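Below is one structure, written out as structure tokens; comments come after it.
Values in this text are rule-based calculations from the coordinates and carry no lab data. All values derive from a computational prediction rather than experimental measurement. Because the Cβ atoms are built from the backbone with ideal geometry, glycine has one as well, and the counts that use them run over all protein chains shown.
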Amino acid sequence: MTTETPTAAPICQRCGQPGIPIVYGLPGPELFEAAEAGRVALGGCVIYDEMPIWRCSAGHEWADD
């Protein structure tokens, strides 16, 4: 996992809400805290090609294209 955070979150093209990064894999306590605070979204442990990397508060997900 990278700890780099973009300076400006991308905006959801469906609803206009800012995106938060989706983190995949087994989360530890720090990631659970970040998810509860709304700084990241937990994406689960199953990873496949072309996974979304952003989620907005409305639940829309997307990848950088």
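Magnitude of the charge dipole for segment 22-65, about its Cα centre and with charges confined to Cβ atoms of Lys, Arg (+1) and Asp, Glu (-1), is about 160 debye. When Tyr24, Tyr48 are sorted by how many other C-beta atoms sit within 10 angstrom of their C-beta, beginning with the fewest, the order is Tyr48, Tyr24. In plain terms, the chain from Asp64 to Ala37 could stretch by 7.4 nm, reckoned as 0.36 nm per residue minus the Cα-Cα distance. Counting neighbouring beta carbons within 10 Å and listing from fewest to most, the residues Val40, Val23 come out as Val23, Val40.
Computed per residue of the chain from DSSP H runs no shorter than four, each worth -39500 (n - 2.57), the mean residue ellipticity at 222 nm is -3500 deg cm²/dmol.
Of the trypsin sites (Lys or Arg not before Pro) found in segment 3-65, those in coil by DSSP whose Cβ has at most 14 other Cβ atoms within 10 Å are Arg14, Arg39. Output the relative contact order of the chain, whole-number percent, from Cα pairs under 8 angstrom with separation of 6+ residues. It rounds to 32 percent for the chain. Within the chain, the cysteines lacking any other cysteine Cβ closer than 4.7 Å to their own Cβ are Cys15, Cys45.
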